[in-house]
Amino acid sequence: MSVQLVFIGDFTSNYNPIVGVVADEATALKLFHRHPERKISWEKIAVSDAIEMPAPGSLLWVLIQGGPFSPTAYSSPSPVAAYADRGRAIEEIARREELYGEELLLCCLPLGTIDFTAPDWSYTGS
């Protein structure tokens, strides 16, 4: 299963926060047309542990390159994985840290919710 992470901002700028996640590209395209002033873009990402589409409102846990003090993690995020189960996401963070020394930010996004006012991804730590 895959979903679309929704970003705002022009990708040529230094500020492109994730503002939500939607189930499919058609929904992302509707947002793009409904809010041309926001410069919406989206990126497909697999939900690594989902065998069926998560229900609207379900929490998705997205791993972003860069730790909590990395300015680029917030302004120009690079998502690396998404999970429906927080425990699996935390396990993946630990695995990637051990194998690659990678620092990842864990953010929580409810499926189908877009919040243009808050590129605060509810950092939860690990």
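The values are calculated or read from the model by the stated rules, or taken from the named source; none is laboratory data. All figures in this text were calculated on a predicted structure; none of them were measured in a lab. Glycine gets a Cβ as well: all are built from the backbone with ideal geometry, and neighbour counts include every protein chain shown. With ligands, DNA and RNA removed, areas are computed over all heavy atoms of the protein, side chains included. Shrake-Rupley method; radii C 1.70, N 1.55, O 1.52, S 1.80 Å.
Structural remarks
- Scanning region 6-17 for residues that are assigned to a strand (DSSP E or B) and either within 18 Å of Ala89 (Cβ to Cβ) or in contact with a helix residue (DSSP H, G or I) (Cβ under 9 Å, 6 or more places away or on another chain) (or both) turns up at least one hit.
- Flag for Tyr83 being open to solvent by less than 60 Å² (accessible area, probe 1.4 Å), out of contact with any His (no Cβ under 7 Å at 6 or more places or on another chain), within 20 Å of Gly20 (Cβ to Cβ) and among the hydroxyl-bearing types (Ser, Thr, Tyr): yes
- Test result for Ala73, in contact (Cβ under 8 Å) with a residue 12 or more places away in the chain, open to solvent by less than 30 Å² (accessible area, probe 1.4 Å) and either of a type in the set (Val, Ile, Thr) or not in a loop (DSSP other than H, G, I, E, B) (or both): yes
- Scan of region 39-56 for residues that are under 18 Å from Gly9 (Cβ atoms) and in a loop (DSSP other than H, G, I, E, B), ordered by number: Lys39, Ile40
Okay, residues lined up against (1) open to solvent by less than 20 Å² (accessible area, probe 1.4 Å); (2) without any contact (Cβ under 8 Å) to a residue 12 or more places away in the chain; (3) among the β-branched types (Val, Ile, Thr):
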site: Pro17; (1), (2), (3): yes, no, no
site: Thr27; (1), (2), (3): no, no, yes
site: Gly57; (1), (2), (3): no, no, no
site: Ile90; (1), (2), (3): no, no, yes
site: Glu102; (1), (2), (3): no, no, no
